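Everything on this sheet refers to the single structure shown next.
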Amino acid sequence: MQGNTACAEGALAAGCRFFGGYPITPSTEVAEHMAAKLPRVGGVFIQMEDEIAGIASVIGASWTGARAMTATSGPGFSLMMENIGFAVMTETPCVLVNIQRGGPSTGQPTMSAQADMLQCRFGSHGDYSIIALSPASVQEMFELTVDAFNLADRFRVPVFLMADEIIGHMRERIEIPDSVPREERKILPKGTPPFRADEGMIPGFPQFGKGYGVHVTGLTHDERGYPCATSPSLHEDLVKRLVAKVESARHEIADYRVTNPEAEVVFITYGSPARTVEQVLHDHPDERIGHLRFRVVWPFPEKALDKFPDAKVFLVPEQNLGQIAREIERHTCIPVVPLPRFGGALHTPAELEKAVEAWR
Amino acid sequence: MTYSDWLRVDRLPHIYCAGCGNGTVINCTLNAVDRMGWKKEETVFVSGIGCSSRAPGYIVTDSLHTTHGRALAFATGIKMANPELHVVVFTGDGDLAAIGGNHFIHSCRRNIDLTVVCMNNQIYGMTGGQGSPTTPRGALSTTTPYGSQEPAFDLCELASAAGANFVSRWTSYHVKELTRSIHQGLGVPGFSFIEALVQCPTNYGRRNKFRQVMDQVEYFKTHGILVQKAHRLRDEGLPIPADAILLGDMVRRDRPAMGVKR
Amino acid sequence: MRLVIDERRCKGCNLCTLVCPYRIFSAGKQPNARGIVVPVLDRPERCANCRLQALYGRTLCGMCQMICPDQAISWVEEKPGEAQKVAIEF
């Protein structure tokens with residue numbers, strides 16, 4: 001099965017019943033598969049007039065209680081930014097799949113990249129925090145899509161599946177389980193102000209059509225949902241809560257794989273470069289080479305770095321100029337070496353072996 | 001029930017300037033919705049950004065105040081995901097015709113079962129009176145200090161051409177007619193578009209020889225002619241005044257629609 | 001029924017003075033505590049709604065209420081036993 005199809009299958013298994021999107025290479029197969037399958041399970045597929053409308057319709061559908069998603073790539077992702085901020089501010093659960101391609105601008109539509117990793121974290125205006133997952137195989141396209149829906153509903157944030165073109169268009173054998181875990185949105189007790197958060201910092205979800213009479217606005221709002229855009233303390237409290245509800249749970253959300261924890265030279269990867277590192281370790285099994293692979297990139301799980309107490313250096317192969325390497329640098333005292341490789345070609349095992357030799 | 005039962009009274013008075021026509025259009029819309037006999041929990045109001053788009057905040061039902069121009073795209077998501085809900089969209093001329101123009105024509109084309117009430121004040125009111133796509137030629141605004149040089153959009157013609165099932169235009173003076181047309185639009189399956197010309201005394205009237213609120217409303221009253229009368233004049237070869245505002249129901253048809261309650 | 005202007009909501013735009021067929025509303029002169037010149041009522045008991053709303057069980061003319069952008073105009077029930085002024089026009 002192809003990565004993009006596996007993503008769509010994961011969404012269907014997770015109970016996604018609304019897809020609003022716009023075709024863009026290399027993510028189109030997600031939309032195509034959803035268009036074929038959603039009507040058969042009572043869901044709605046709608047091809048909107050642009051990506052802005054795509055994410056807008058997804059947010060609208062989410063407020064009716066549906067699990068909703070969209071899929072896109074670089075240029076479409078840029079168009080979505082304003083409404084991603086809206087989803088953050090209004091605490092709307094939704095899933096966005098970004099099959100990354102080479103940029104800036106139209107760039108390389110059919111080639112792979114991981115160049116939107118910081119955009120997904122910081123792209124919309126204002127301070128906020130989101131969750132981003134990064135699959136490294138077709139099986140993970142399925143699994144992490146399911147996880148994305150559960151995290152979105154639990155934390156009431158947009159969750160990004162930041163795959164790359166290689167994973168999206170790769171074909172592998174996958175196992176689809178009979179059922180997948182499902183975490184529902186917390187229900188708002190009737191009579192409670194709709195944006196009053198408990199100690200978990202996540203308010204219950206006042207679904208449209210259930211008589212809550214909730215006013216949802218992208219303006220700074222109080223716990224009743226009423227706009228009040230001129231109170232500094234209200235805005236500060238709201239934005240701090242929106243960030244803290246995700247960041248304070250980052251060790252719970254964290255999902256990573258550790259290989260050879262006693263190693264001195266450690267690769268840190270996410271997405272398709274992980275596969276080259278695995279190839280290196282497969283060709284030359286060596287306990288002195290470690291591998292830390294993130295399945296959740298944002299919120300950044302910095303405690304994962306402590307799993308390698310003997311590490312002398314972190315080597316970070318990425319399909320960009322070192323976006324996550326910079327984030328790793330913030331959390332460690334040892335050298336962090338970005339190994340950028342982009343333009344669509346993947347790192348070769350020989351290149352990575354050479355990088356290891358330099359630090360022996 | 002009356003229209004006042006739909007108001008979120010704890011938020012009144014609203015933020016609109018004295019004499020703003022938006023409040024009148026809210027009254028008319030709520031009156032029409034009330035007359036439909038819809039339940040509050042089954043009705044959703046959606047809006048974008050602008051003066052007009054603050055309206056859903058004063059209504060007790062579920063409401064979504066979205067990003068600039070995108071109200072129709074959000075409403076499409078709501079209506080398609082749950083066709084049982086009645087979705088009414090409040091929008092303004094800048095919101096609908098400028099930044100949201102693409103969503104507008106595509107919603108008309110899809111003929112999705114929404115009712116859109118456009119409060120056309122011919123200016124960007126909330127940002128302080130900049131020219132909009134419906135600012136008439138020659139009118140003054142902060143970005144057209146020498147008079148607007150651009151021809152204006154006729155939103156009703158646009159909606160008709162793009163395929164809406166119901167299209168109508170009234171002003172904030174014609175409250176009874178506006179209420180009736182919104183009521184009809186709410187009942188029509190498919191896309192209903194009702195344009196309500198409203199006075200903006202603060203930002204439009206003040207700069208365009210309508211010194212008092214009343215002056216612009218009087219202008220609507222004296223310059224509005226029924227679209228049927230305009231057609232009759234045209235058929236008889238008589239001139240239609242250049243500054244006439246065509247009013248009335250322009251289109252009522254039965255094109256295939258999307259998202260209609262099953 | 002009694003015609004009232006809610007002074008907490010009225011912003012003094014005087015649109016009601018334009019539409020009332022009985023010319024009950026006229027522009028006020030004295031600003032109220034909020035600094036707003038609320039229209040004054042001239043013999044409001046002449047209003048069709050005041051006289052006949054209860055009888056017909058629905059709002060009759062209602063133009064002033066509809067056009068009022070500030071939702072400030074309404075009709076309230078008199079208290080039981082409250083003295084009523086009746087205007088008879090010939």
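The numbers here are math on the coordinates, done by the rules we state, and not lab data. Just so it is clear, the structure is predicted and the values come from calculations on it, not from any experiment. FYI the Cβ positions are ideal-geometry reconstructions off the backbone, even for glycines, and counts take in every protein chain you see.
Ordering A:Thr230, B:Leu96, C:Trp75 by the projection of their Cα atoms onto the charge dipole of the protein assembly as shown, which places +1 on the Cβ of Lys and Arg and -1 on the Cβ of Asp and Glu, puts C:Trp75 at the extreme positive end.
The residues B:Lys39, A:Lys37, C:Lys29, when put in order of fewest to most other Cβ atoms within 10 Å, stand as C:Lys29, B:Lys39, A:Lys37.
For a quick protection proxy, order the peptides A:132-139, A:182-189 by their average other-Cβ count within 10 Å, most packed first. Can you show the working numbers first?
Details: A:132-139: 24.2, A:182-189: 13.4.
Highest-to-lowest ranking by the protection proxy: A:132-139, A:182-189.
The range B:189-256 and the range A:62-134 have their alpha-carbon centroids 43 Å apart. Remark on B:Glu195: its backbone amide H falls under 5 Å from those of B:Cys118, B:Ser168, B:Arg169, B:Trp170, a criterion applied only to residues 5 or more positions apart or on other chains, H modelled at 1.01 Å from N.
Given the convex hull over the Cα atoms of the protein assembly as shown, what projected area results after averaging over all orientations, in nm²? Let's see the in-between values first.
Values: hull surface 148.1 nm².
The Cα convex hull of the protein assembly as shown, projected and averaged over all directions, gives 37.0 nm².
With R₀ set to 25 Å, the beta-carbon distance separating A:Glu357 from A:Asp306 gives a calculated FRET efficiency near 0.45. Within the shell of other residues whose beta carbon sits under 13 angstrom from the beta carbon of B:Pro256, the net charge comes to +2, with Lys and Arg scored +1 and Asp and Glu -1. A simple count of charges around A:Arg257, restricted to other residues whose Cβ falls under 9 Å of its Cβ and scoring Lys, Arg +1 and Asp, Glu -1, yields +1. Peptides B:88-100, B:199-211, A:15-27 ranked from most to least packed give B:88-100, A:15-27, B:199-211, packing being the mean of other C-beta atoms within 10 angstrom over each peptide's residues. Please list, in order, the residues from the range B:78-110 whose amide nitrogen is less than 17 Å from a point placed 7 Å along the Cα→Cβ vector of B:Glu150. Residues passing the 17 Å test: B:92-105. For chain A, the longest principal axis of the alpha carbon atoms and the long axis of helix A:232-247 meet at an angle near 50°. Of all beta bridges that DSSP places with both ends in the protein assembly as shown, some 25 percent have antiparallel geometry. With the simple model of a label 7 Å out from the Cα in the direction of the Cβ, A:Asp178 to A:Asp283 spans 4.3 nm. Comparing Cα centroids, the range A:326-346 and the range B:13-89 end up 49 angstrom apart.
Any of A:Lys245/C:Lys11; A:Lys37/A:Lys210; B:Lys39/B:Lys209; A:Lys37/B:Lys40; A:Lys240/B:Lys39; B:Lys40/B:Lys209 with alpha carbons more than 32 Å apart? Name them for me. If you can, show how the numbers build up before the last one.
Numbers: A:Lys245/C:Lys11 42 Å; A:Lys37/A:Lys210 28 Å; B:Lys39/B:Lys209 43 Å; A:Lys37/B:Lys40 34 Å; A:Lys240/B:Lys39 37 Å; B:Lys40/B:Lys209 41 Å.
Check vs 32 Å cut-off fails for A:Lys245/C:Lys11; B:Lys39/B:Lys209; A:Lys37/B:Lys40; A:Lys240/B:Lys39; B:Lys40/B:Lys209.
The DSSP beta bridges internal to chain A are antiparallel in roughly 20% of cases. When both the range A:236-294 and the range C:63-83 are represented by their alpha-carbon centers, they are found 67 Å apart. Electrostatic bookkeeping for A:Arg101 treats Lys and Arg as +1 and Asp and Glu as -1; over the other residues with beta carbon under 13 Å from its beta carbon, the sum is -3. Each helix, a run of at least 4 DSSP H residues, gives -39500 (n - 2.57); summed and divided by the residues of the protein assembly as shown, these come to -9000 deg cm²/dmol at 222 nm. Between the Cα long axis of helix A:3-13 and the first principal axis of chain A there is an angle of about 40°, rounded to the nearest 10. For A:Val297, the residues whose modelled amide H falls within less than 5 Å of its own, excluding neighbours fewer than 5 places apart on the same chain, are A:Ala132, A:Leu133, A:Ser134.
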